[in-house]
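A short worksheet on the structure shown next.
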Amino acid sequence: MITWRAAGLIGAGAVLLAVVGLVAGSAISAPWLWSAAGLIVLLVAAACVVDFIAAASPKLLRLSRSGDQALWLGESGEVRLLLQNRSNRVLTARVRDSWVPSAGATPATHDVRIEPDRGVAVATRLTPTRRGDREAVRVMVRSFGPFRLAYRQTSRKVADRLTPAWRVRVYPAFSSRRLLPEKLSRLRIMDGSVVTRGRGQGTEFDTLREYVLGDDVRSIDWRGSARRSDVVVRTWRPERDRRLVCVLDTGRTSAARIGDEPRLDAAMDAALLLASVAARADDRVDLLAVDTAVRASVTNVEKRTLLFRLVTAMAPLEPALVETDFGLVAGEVLRRERKRALVVLFTALEPGALGEGLLPVLPQLAARHKVIVAAVHDPELARMARVAPGASAADVYSAAAAQRALAERERVAAALRHHGVEVVDAPADEFASRLTDHYLALKHTGRL
């Protein structure tokens, strides 16, 4: 293969001959000009052949990779490609390390010069725009001759034996992480207020301490006082080791875009914040992702590894354009959770999906567990429902459609509450915070 330099030389020769012909005029015959043009082409072709033969073979390169294998969405990482020249010639090459478009790989190409039996590492910076597994596709190496008139080229797919595969797992963004200190502070305050308040619904015995003036005499532990020869009282704290099950609906409704992200991503963000606070409250957190089959499951995980296990399970999830089987959802929850648990179902308040799928199986699920339906809605819908003075007919029809959609959401929410289900319906920017606050309120009042 030839480069633009070879074509440029032929073009420059043609221009030179044209100038000579114009200057010399009739002193130079046309056959001489054609012979000179042929000689120029022949010389350039011979130089290209020599350059092609002198170029190092890219097939003798040995490739290997190193670098980041996991990133949070919105962060950047680096993957290095090591090229080892196993030929006996100097390799002057242009290397293209190709990734899937959503990996955000830069730069597109690398120019390298590698001595025989030496190696060079080139770095590709990745800034993924989507979560999930982002993979390397192929490595293209174009080896130039010493005059850069011709080149040899090889393109190796990842399936090739000599081309190393590499996969970077991109975790969900977890943008609500900024709210975690506030929620944990509320949890600590709640713990202290329950201990001060004393025994009540949703509390369990904590410890004994000495009686101080003002304590409720009904909290005195007489057996403990007899053993210590001093008056001691019992203190109480919110119940621990409760069960929390986060169920992600990965069916068709999760594919709808809320702002700049799918509804499923907003649900993941809220689930991560809720799980982090629940784990700090010493509750046990499980995860299910279901549409027509169980797509992900995280159960019986220790607190210190919970967040890692959750984001690892969530990262490859994608919305499926199928109707969610809520019978399967209820069956899986009832099979896995024998004791009473708080079940948070992340889905959409759509009459078609919930009216025909969830409501028939809801009584069986709500009879054993506390159920919350958590739905995120697009604030654009509320904006469309408002009609400005002097609006056009199209705006009026859009507002009527938006108001009808909002009314249907309210009817679905009312039907769910009629079955004893609590509903958290909030815009995307407030969804994670409101859901976690609702959990803390349930825990504070002992209704888990």
Query raised in the report: Which residue out of ASP282, ASP260 is more than 17 Å from the chain's Cα centre (by Cα) and more than 15 Å from PHE174 (Cβ to Cβ)?
Result: ASP282
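May I ask you to list the residues in region 280-294 that are hydrophobic (A, V, I, L, M, F, W, C) and at pLDDT below 90?
Hit for region 280-294 is ALA281, nothing else.
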**Report entry** Test: residue in region 311-320 that is farther than 22 Å from GLY132 by Cα and open to solvent by 20 Å² or more (accessible area, probe 1.4 Å)
**Finding:** no
Query - Candidates ASP425, ASP395, filtered to the one that is of a type in the set (Asp, Glu), more than 20 Å from ASP291 (Cα to Cα) and within 29 Å of the chain's Cα centre (by Cα) - result: ASP425
Query raised in the report: Quick one: in region 111-158, which of the residues that are in a strand (DSSP E or B), of a type in the set (Ser, Thr, Tyr) and touching a residue at least 24 places away in the same chain (Cβ under 8 Å) is nearest to VAL49 (Cα to Cα)?
Result: TYR151
Query raised in the report: From the set of residues in region 326-363 that are acidic (Asp, Glu) and without any contact (Cβ under 8 Å) to a residue 60 or more places away in the chain, which is nearest to LEU273 (Cα to Cα)?
Result: GLU332
Report summary line: Filtering strands (runs of 3 or more DSSP E) wholly in region 57-110 for at least 3 residues that are within 21 Å of the chain's Cα centre (by Cα) gives 70-72, 77-85
Report summary line: The correct count of residues that are modelled with pLDDT under 75, assigned to a loop (DSSP other than H, G, I, E, B) and either among the aromatic types (Phe, Trp, Tyr) or crowded, with 16+ Cβ neighbours inside 10 Å (or both) in region 222-256 is 1
Report summary line: Output for Cβ contacts, cut-off 7 Å, separation at least six or different chains, first residue in a loop (DSSP other than H, G, I, E, B) in region 287-306, second open to solvent by less than 60 Å² (accessible area, probe 1.4 Å) and of a type in the set (Ser, Thr, Tyr), reads ASP291/THR250; ASP291/THR324
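The values are calculated or read from the model by the stated rules, or taken from the named source; none is laboratory data. Keep in mind that what you see is a predicted model, and the values were worked out from it rather than measured. Every residue, glycine among them, receives a Cβ derived from its backbone with ideal geometry; neighbour counts consider all protein chains shown. Keep in mind that these areas ignore ligands, DNA and RNA; they rest on the heavy atoms of the full protein, side chains included. Shrake-Rupley method; radii C 1.70, N 1.55, O 1.52, S 1.80 Å.
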